[in-house]
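Worksheet: one structure, shown below.
The values are calculated or read from the model by the stated rules, or taken from the named source; none is laboratory data. These numbers were taken from a predicted model, which means no experiment stands behind them. All Cβ positions, even for glycine, are placed from backbone atoms using ideal geometry, and neighbour counts span all protein chains on display.
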Amino acid sequence: MIIVIKKIVCDTYDELCLTAADVFTEQLKKKPDSVLGLATGETALGLYDELISRYNAGKVDFSKAQSFNLDEYYPIDPEHRQSYVYYMKENFFDKVNLAKYQLPDGMATDPDAEGIRFDEEIDKAGGIDLIVLGIGHNGHIGFNEPAPSYYFGTHLEDLAESSITANSRFFEADEVQPTKALTMGMGTIFKAKKIIQLVSGAGKAEIVKRVSDGMIHTDIPTSLLHLHPDMTMIVDKKANGE
Ligand code: F6R
């Protein structure tokens, strides 16, 4: 059996966050004006906390770097506390000195045009040097949900029922939860020079097992990452089924 994806197994979630923060720190040392790709979600929170601590300790500097986020709900007001731009400001952007950040515009009147514009912005910036991904229980990356075929570029995606259910924990009972999102496409993600994917907790053990067989499963978007030349999965022991 050939395992193509490089996998780093950490004892704990804290160790996973330190390992991911090391990758970011190294990247910014090597190239201070790096273009970073960022994820939201629960798993990325510890990475952002660690990067903020390192920034406060003078160990990492974002002043020349810029970022592009993977996705944003659609439609959503940027002031909505469940918008991804709100999450990013709360948990990262307002706490470090990142030169510039961009997310797909959850209020765009023409989402198709917004997808094209977003990808053009990434290209204009010189492409993404390092992107951090999470993984959905169904194997989604960004919000590219399991399907017979995948969009190349940033586009509007109907969220899978399982993704809507998984994220419902963040919404109050009286809040309308979006069922669509603007997400980087598989091509947008694949054009990143380096990819790390963070996976934590026993709840993700099944999907990690399914993609650890070295096969490309067309119905599991994340398994396509086997094809990327510089992709590392960073998992904790629970996610690794240990
Ligand atoms: C978020 C994103 C999603 C999440 C994934 C895992 O920007 O693109 O693919 O990374 O749904 O979310 P958590 O970490 O909350 O389990």
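Annotation: of all residues in region 28-42 being touching an Asp or Glu at 6+ places or on another chain (Cβ under 7 Å) and surrounded by fewer than 20 Cβ atoms within 10 Å (Cβ to Cβ), the one that is farthest from PHE92 (Cα to Cα) is LYS31. Residues satisfying the criterion are absent from region 157-174 (criterion: away from the ligand (no atom under 12 Å from the Cβ), in contact (Cβ under 8 Å) with a residue 40 or more places away in the chain, more than 17 Å from LEU133 (Cβ to Cβ) and loosely packed, with under 14 Cβ neighbours inside 10 Å).
Can you tell me which residue in region 135-169 is nearest to ILE207 (Cα to Cα), limited to those that are acidic (Asp, Glu) and outside any loop (DSSP other than H, G, I, E, B)? First the steps, then the outcome.
Taking region 135-169 as the starting set, the residues that turn out to be acidic (Asp, Glu) are 145, 157-158, 161.
If we keep only those that are outside any loop (DSSP other than H, G, I, E, B) as well, we get 157-158, 161.
On the way: GLU157: 21, ASP158: 21, GLU161: 17 Å.
By that ranking, first place goes to GLU161.
Exactly one residue out of THR179, THR183 is modelled with pLDDT of 95 or more, closer than 19 Å to LEU70 by Cα and either within 13 Å of the ligand (Cβ to nearest atom) or of a type in the set (A, V, I, L, M, F, W, C) (or both), and it is THR183.
Can you pull out the residues in region 186-222 that are at pLDDT below 95, buried (at least 17 other Cβ atoms within 10 Å of the Cβ) and either within 16 Å of the ligand (Cβ to nearest atom) or not small (Gly, Ala, Ser) (or both)? Within region 186-222, VAL211 is the sole residue that qualifies.
The rows are residues; the columns are (1) among the β-branched types (Val, Ile, Thr); (2) farther than 26 Å from ALA108 by Cβ; (3) without any contact (Cβ under 8 Å) to a residue 12 or more places away in the chain.
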residue: LEU28; (1), (2), (3): no, yes, no
residue: THR43; (1), (2), (3): yes, yes, no
residue: TYR48; (1), (2), (3): no, no, no
residue: GLN66; (1), (2), (3): no, no, no
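Taking the condition among the acidic types (Asp, Glu), crowded, with 16+ Cβ neighbours inside 10 Å and closer than 21 Å to LEU156 by Cβ, does GLU72 pass? Taking the combined requirement at face value, the residue satisfies it.
When we screen ASN138, ASN144 for residues that are modelled with pLDDT of 95 or more and either within 25 Å of GLU121 (Cβ to Cβ) or more than 14 Å from the ligand (Cβ to nearest atom) (or both), the only hit is ASN144.
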